[in-house]
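Every number in this text was worked out from the coordinates using simple rules, so none of it is lab data. Keep in mind the model is a prediction, meaning the values are calculated, not measured. Note: ideal-geometry Cβ built from the backbone for every residue, glycine included; neighbour counts use all protein chains shown.
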Amino acid sequence: MFYLDLFAALERERVRYLVVGGLALNILGVERSTMDVDLMVALDADNVRALIRAARELGLAPVMPVAIDDLADPDQVAKWIREKNMVAFALRPPLPADPTVDILVQPKVDFESAWRRRLDKDLGSLRVSLASAQDLIAMKTGTGRQSDESDIAALQRLRELGLE
């Protein structure tokens, strides 16, 4: 299964990442349809290189016509953010039925702070790091998307029930 292969590759390469977006809600127990995997990663050079190794292992390729190594160039990423209003660097899997992996390049929440608040969940033999409900709410606030408003309400219910 793609998700487990992805998390296993990230673990092998010791990538510091947090699952965010719809998949994070699914893992927390909120039924939510999603067509991609959203990840927030530490954007330091060593971590990005580890992410690139994991992506290559899985055969992931950039959706944009650029080299995957460009993700490791902070000046290039800054240029994409500035000129293209890039929010995420999308990686396409080799099988069309598998989801796209979106790497947030300009998250609303500081990675190191979110990392300290992360939730580690066991999925079988794998441990997956999720952004906390607090951070997911912060990332989804103010987007103007109805799906994010619904997600915020579900996350607030989880917090009230102590289930996050």
*Charge-dipole axis of the chain as Lys and Arg at +1 and Asp and Glu at -1 on Cβ define it, positive-most pick from Gly29, Ala8, Gln134*: Gln134
_What lysines does Lys79 reach when the alpha-carbon gap must be under 30 Å and sequence neighbours fewer than 8 apart in one chain are set aside?_
Lys108, Lys140
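Could you give the dipole magnitude of the range 37-103 about its Cα centre, charging the beta-carbon of Lys and Arg +1 and that of Asp and Glu -1, in debye to the nearest 20? Could you put the intermediate results ahead of the total?
Details: 7 positive and 11 negative charges, 27 e Å.
About 120 debye.
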_Estimated dipole of the chain in Debye, rounded to 20 [Cβ of Lys and Arg +1, of Asp and Glu -1, Cα centre]_ = 140 debye
*Counting each DSSP H run of 4 or more residues in the chain as -39500 (n - 2.57), what helix-only mean residue ellipticity at 222 nm follows after dividing by all residues, to the nearest 500 deg cm²/dmol?*
-13500 deg cm²/dmol
*Have a look at the range 19-164 and give its Rg and Dmax from the Cα atoms, expressed in angstrom.*
15.5, 45
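Going by C-beta contacts inside 10 Å, put Arg49, Arg82, Arg16 in order with the fewest on the left.
On the way: Arg49 15, Arg82 9, Arg16 19.
Final ranking by Cβ density, sparse to dense: Arg82, Arg49, Arg16.
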_Leading residue at positive end of dipole, the range 41-128 (Cβ point charges), from Phe111, Pro74, Pro62_ = Phe111
*Among 95-104, 120-129, how do they line up from the highest to the lowest mean number of other beta-carbon atoms within 10 Å?*
95-104, 120-129
*Compute the relative contact order of the chain as a whole-number percentage, counting only Cα pairs closer than 8 Å that sit 6 or more residues apart in sequence.*
22 percent
*For Val105, enumerate residues with amide H under 5 Å from its amide H, sequence gap 5+ or separate chain, H modeled in the peptide plane.*
Ala88, Phe89
*Likely footprinting exposure, Tyr3, Tyr17, fewest C-beta neighbours within 10 Å first*: Tyr3, Tyr17
